Structure formats: C-alpha cells, structure tokens
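Okay, structure first, notes after.
The values are calculated or read from the model by the stated rules, or taken from the named source; none is laboratory data. All values reported here derive from a predicted model rather than from experimental measurement. As a convention, Cβ positions derive from the backbone with ideal geometry for all residues, glycine included, and neighbour counts pool all protein chains shown.
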C-alpha cells in the first residue's frame, strides 16, 4: 500500500546527544535527501554529505546519509536516515528544512511502524511485539517481545489456518456437488483435520497467563490492617521512599505501584490501604480498592503482627511479620516469616522467595503465544467455533462451514490479515514519534 506523503521524525533520543538520527519514509524521501545533500547517495551505503538548506543554501550540518529503496527497506517504501551531530539546534534546523519541502510532513506516533504493517512488512502480532520491546524493562520481557517480533504467532498458527482451509474445502465440496459424488466420510475427514487445531488452541489457552504475567508483571499485593508495616515493607523492597510511612493509621489510601526486576522477571508490588472497620467514607473507598487489587493479585503478602487472619483471597497468601526487631516479638499464629524492615532481617529471604515465585509463574512463557487479552479472546473464539463445528450429533455441513469461517476469522485477526482498524489506533498510539 503506497503512501501519498512523505514523513520524517527524530528517531533517536531527544535532547543533547552524540548522534541524532532523523528518519524519512515515503515517495519524496529520496528527493528530499537530494535537495539537502546536493545528490542522492548510493542505496544502503553510508555516505558523508554536507547538508544545506535548499532555500537559503546555508550549511546545516555534515552528516552520514543512508538511503533505502522501497523493495529492500524495512517499511516497504523509499526511505532515508540522516545521522546528524546531536545538537538540538542542528536537529531543529534540519527538520525545519525538511518541513519546507513539498510533500513532506512530521510523522505522528507510531506512523513508521503503521506503514510497515500496511505494506506487509510486519503483521499485527509483530507490531505488538515491537511495542512490548520498546516498553521492556526486564530480560524476560525483552526475550518475550523479541519472540513476538520474530513472527512466532504467524508461524505457529499457519498450520492451523491451512487445516481450516482444507476442512472448509471439504465442506464446500459437499455443499456444491451431488451426494453421489461426495465421499460419505466428509464429517470424519473434517474432524481429523480439526483435531490438531483444537488440541493446539486448548494447549495455548491452558498455558495463557504466563506470557501475560511476563508482559504486565507478576502482581504482588501487600495487604493487612493499618500500621502493620505495609508501606515500610514496600520501601524496604524497593530501597527507596516509594510510600509515606506514618504512625497515623490510614495514611495509605490509593494503591501505590512499584515495578521491580527480580532476576530478570518483572514484578509489580502494590501497597494498599489498611483493612479494618471504619466509618470514614474516604478510607472505605481505599479499602475497597485494596480488596479489589488483592482479588486480582497473583500473590498476597499479609502483614498482621497481632494475629489478625487474612480474608479469603483467591491468590496464595504469605504471612509476614515485619516487626521482628521488637522485644518481645509479636506472637503470630500459623506459619509466618519474621522480618524487620528496620534491621533488614530476612529481607533477602523474602526477595529470594518472591523471585522464585515469579520465575515459576513465568516458566511456561517461552513456549506460549498468548501475551495479551486480545490474543486470549481470539484463541477462545476460534476454539468455541471449532467445538461447535465438531459437536455431536454432527451439525449440517452448511453450519459446519460457517463455524470454520468464524474460526479462520478469529485467527486472521490475530495477525491483522482481516480488518483490525478498531485495534490499530490503540496499538500505534503507544509508540513514540519516530518509531
């Protein structure tokens, strides 16, 4: 899909840098380079050139220029890069000169990547992988994003789509031709084609959650009554004053999130409001939010030195006594990890246990495909359609064909092979300008 206009943007970091890279893409990219450099360098060869303002002739910079032809560019259209000295004044002068050329305009967020998608250089799952790679903060997130960017979703689902096409052909043959021409075992042949697809979809859905945890972080909520040391524990684990610590009960109202990297595994630590009986309307809102976060957590750290039992949580609960430095030590019922945020006693033990817990949850992520709720929904929709297609007693062949079309549509939406305009805006809005 050819673009009618040419876009440009600073692709490197803003501010004073050693090198600043201005990126161009579109039908006028080569003409723009020639206008500034006086000639068009050979494609895919770094060339030193003096860049001049086409209107005034003023020298803007001495830069390395790279030119890419559409057939061999990563976006599928003519492109170029200007490697400038990293002065903000130089970048501003060059971009002003580009903006003054006919057919050129500044790029919007994610517009370069959108063009790669529209030109078939990336599928939608790869675009999402690229977005996750830009956002990656831990090694596991980086690896998972690279895997998505490599096209694993397209490659893994290609045999399934081929099987669905073959099964659909069997159905269409049965519909279009007379009964005496069509083999009697069409239902069995269709079921045999669909069996490995259904098995694969089930396996991915069963493993779903691990890859999502890698992307979003394992959710660990610190909960308990007021003044149990929740904010002190958050600060101790993060080694900074992330939360206000006070002897006044009810200091924490809104959940406070901190992202940690534990042995390459992302973990989101959430400090919450103390849980108790209170008539304060604002405090009740804070406690309601605390319960909601604990309900959605992968793990709850329950702090209650007075022995207050935790509410019923769906997630595993670890009992922590954070005032082990006090004498006498508070008596807590059941299995508990004594810990002191003041002296650091057992803090490393807790960190080690958290790292092991997070890595255990993320362990299956290397083989999983589902990294987003959108992926999960598409897999579930495809499996539901195939379950209907293979129901007993067998539905009419026309109904089976419709279910197969629905399954193919769900898988095609995964990689953007069908209309996904409703998804694109949200995906590309997360990209920075120049990406």
Exercise. Which of the residues belonging to the range 1-42 are under 25 Å from residue 119 (Cβ atoms), in contact (Cβ under 8 Å) with a residue 24 or more places away in the chain, in a loop (DSSP other than H, G, I, E, B) and under 35 Å from the mean Cα position of the chain (by Cα)?
Worked result: 1, 2, 3, 5, 11, 12, 26, 27, 28
For this session: Identify the single condition in (1) loosely packed, with under 15 Cβ neighbours inside 10 Å; (2) under 18 Å from residue 433 (Cβ atoms); (3) touching a strand residue (DSSP E or B) at 6+ places or on another chain (Cβ under 9 Å); (4) modelled with pLDDT under 95 that residue 106 does not satisfy, given that it satisfies every other one.
Result: (4)
Exercise. Quick check: anything in the range 66-74 surrounded by 17 or more Cβ atoms within 10 Å (Cβ to Cβ), closer than 29 Å to residue 374 by Cβ and not assigned by TED's automatic domain parsing to the domain that holds residue 416?
Worked result: yes
Exercise. Looking at (1) outside the structural domain of residue 415 (by TED's automatic domain parsing); (2) touching a strand residue (DSSP E or B) at 6+ places or on another chain (Cβ under 9 Å); (3) in a helix (DSSP H, G or I); (4) touching a residue at least 60 places away in the same chain (Cβ under 8 Å), which is the only condition residue 93 fails?
Worked result: (4)
Exercise. Looking at (1) touching a residue at least 12 places away in the same chain (Cβ under 8 Å); (2) outside the structural domain of residue 152 (by TED's automatic domain parsing); (3) assigned to a helix (DSSP H, G or I), which is the only condition residue 133 fails?
Worked result: (2)
For this session: Assess whether residue 263 counts as being within 23 Å of the chain's Cα centre (by Cα) and at pLDDT 85 or above.
Result: no
Problem set entry | Scan of the range 112-130 for residues that are under 18 Å from the mean Cα position of the chain (by Cα) and either crowded, with 22+ Cβ neighbours inside 10 Å or part of a helix (DSSP H, G or I) (or both), ordered by number | 113, 114, 117, 122, 124, 125, 126, 127, 128, 129, 130
